[in-house]
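Below is one structure, written out as structure tokens, with a few remarks after it.
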Amino acid sequence: MATNSDGALASGVAAHVHGVARRSPFKYVPGFLYILVLYIAGKFIFSDPRATLVQWGEYPLSWVEVLMVGAAMMAMAEQLKVSHPGIDNTIEAILMAAVAGVQVLLFALGAAGVRSLAIFNNTEFFMLTLISMTQAVVAILINARTLRRSIGVGDNG
């Protein structure tokens with residue numbers, strides 16, 4: 001049977017482990033910022049985003065297909081970032097939404113004909129923006145629900 005001192009010891013260890021993770025400046029960088037940088041770099045490197053990049057067995061994969069799979073995987077990883085019960089990850093979730101907002105703005109300006117932002121006016125970027133927006137909304141909801149559950153666990157009244 002655990003005593004109060006055991007609980008305090010476990011809490012101290014958990015606080016120490018979480019404290020190490022909070023010290024990294026990269027903790028607050030949304031994953032979709034990396035995807036956005038990869039997209040921009042890919043637009044300048046690959047003239048045809050649908051041309052075969054790698055041949056994996058019978059499957060030819062284009063740059064944009066690899067990027068979409070990476071974006072989907074990043075979206076799932078971002079959900080894990082905000083899903084820890086009892087830890088307020090509201091800042092991370094808001095930053096994810098901010099990156100999605102920037103992507104919407106870039107797409108809208110590209111679609112409106114702003115010449116310098118024309119690289120954002122295509123189907124590939126539209127799909128990345130949809131993935132980013134969806135994961136940002138889900139991240140905010142997951143964070144809110146895990147906080148609500150952790151706050152409600154100790155309530156006896």
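The values are calculated or read from the model by the stated rules, or taken from the named source; none is laboratory data. Because the structure is a prediction, the values reported are computed rather than measured. Please note: Cβ atoms are built from the backbone with ideal geometry, for glycine as well, and neighbour counts cover all protein chains shown. To get the accessible areas, we keep the full protein, side chains included, count just its heavy atoms, and leave off ligands, DNA and RNA. Shrake-Rupley method; radii C 1.70, N 1.55, O 1.52, S 1.80 Å.
Share of segment 37-100's accessible area from carbon and sulfur, percent, 1.4 Å? So the carbon and sulfur contribution to the accessible surface is 72 percent. In the complete set of protein chains, residue-level accessible area for Tyr34 is approximately 100 Å², probe 1.4 angstrom. With K and R counted +1 and D and E -1, the other residues having a Cβ less than 12 Å from that of Ala71 yield a net charge of -3. Residue-wise HN-Hα couplings along segment 47-54, as the Karplus relation 6.51 cos²θ - 1.76 cosθ + 1.60 with θ = phi - 60° gives them from phi, are 6, 10, x, 9, 6, 5, 8, 9 Hz; Gly and Pro carry x.
Computed with a 1.4 Å probe on the full set of protein chains, the accessible area for Asp48 sits at about 80 Å². Largest accessible area first, the residues Trp63, Trp56 order themselves as Trp56, Trp63 under a 1.4 Å probe with ligands, DNA and RNA left out. Near the amide H of Ser62, within less than 5 Å, lie the amide hydrogens of Leu53, all on another chain or at least 5 residues away, with H placed in the peptide plane.
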